[in-house]
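The values are calculated or read from the model by the stated rules, or taken from the named source; none is laboratory data. All figures in this text were calculated on a predicted structure; none of them were measured in a lab. These accessible areas exclude ligands, DNA and RNA; they are computed on the full protein's heavy atoms, side chains included. Shrake-Rupley method; radii C 1.70, N 1.55, O 1.52, S 1.80 Å.
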Amino acid sequence: QVQLVQSGGGLVQAGGSLRLSCAASGLPFSTIAMGWFRQAPGKEREFVATISWSGDDTYYTNSVKGRFTISRDNAKNTVYLQMNSLKPEDAAVYLCAASSQKSITALRVHYDFWGQGTQVTVSS
C-alpha cells in the first residue's frame, strides 16, 4: 500500500519561511522522481517543483525559482520543500506526488500517487 504522508505547513507572515515534508512508503522511492504541486481555492492544481530520483536534477515553476528548494533524503524516503520569502500568492494546499518516472517532470499525468495535502497560509 502506497502512502505519502505530509507534514509541515501552517500560517506564516509574508517574507517568512516554511518547510514541508513528505514521507513515502510502499513504493521504490529511491528510483523515482518526486514533485510538489499546489492548489488555491477556485484554481487548478499547479506544478511547483520536481526532483529526480538521485536528487541531482531539480526544476521549478518560474514563480518560485530562487525562493523554494526541493530536496530529498532517499535513506529516509522523504522529500522536502523549503519555502523562503513567502508571498500571499503562495497560499494554497500543497501536495507531494510520486512519479512513475526517474527523471524530473512537471506534468501532472506523470504522477501516480499523491499526499493528503497540507495548507499553507501567508498573511500580508
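Of all accessible surface on the chain at a 1.4 Å probe, what whole percent is carbon and sulfur?
47
Go through GLU44, GLU89 and list them by solvent-accessible area, largest first, probe radius 1.4 Å.
Result of the area sort, largest leading: GLU44, GLU89.
Could you tell me the accessible area of LYS87 in Å² (1.4 Å probe, neighbours in place), rounded to the nearest ten?
Using a 1.4 Å probe on the heavy atoms, I get roughly 80 Å².
Sorted from largest to smallest, which semi-axis lengths in Å does the alpha carbon gyration tensor of the chain give for its equivalent ellipsoid, taking the root of 5 times each eigenvalue?
Taking √(5λ) for each Cα gyration eigenvalue gives 23, 14, 14 Å.
Which order do ASP57, ASP73 take by accessible area at a 1.4 Å probe, largest first?
Final ranking, largest accessible area leading: ASP57, ASP73.
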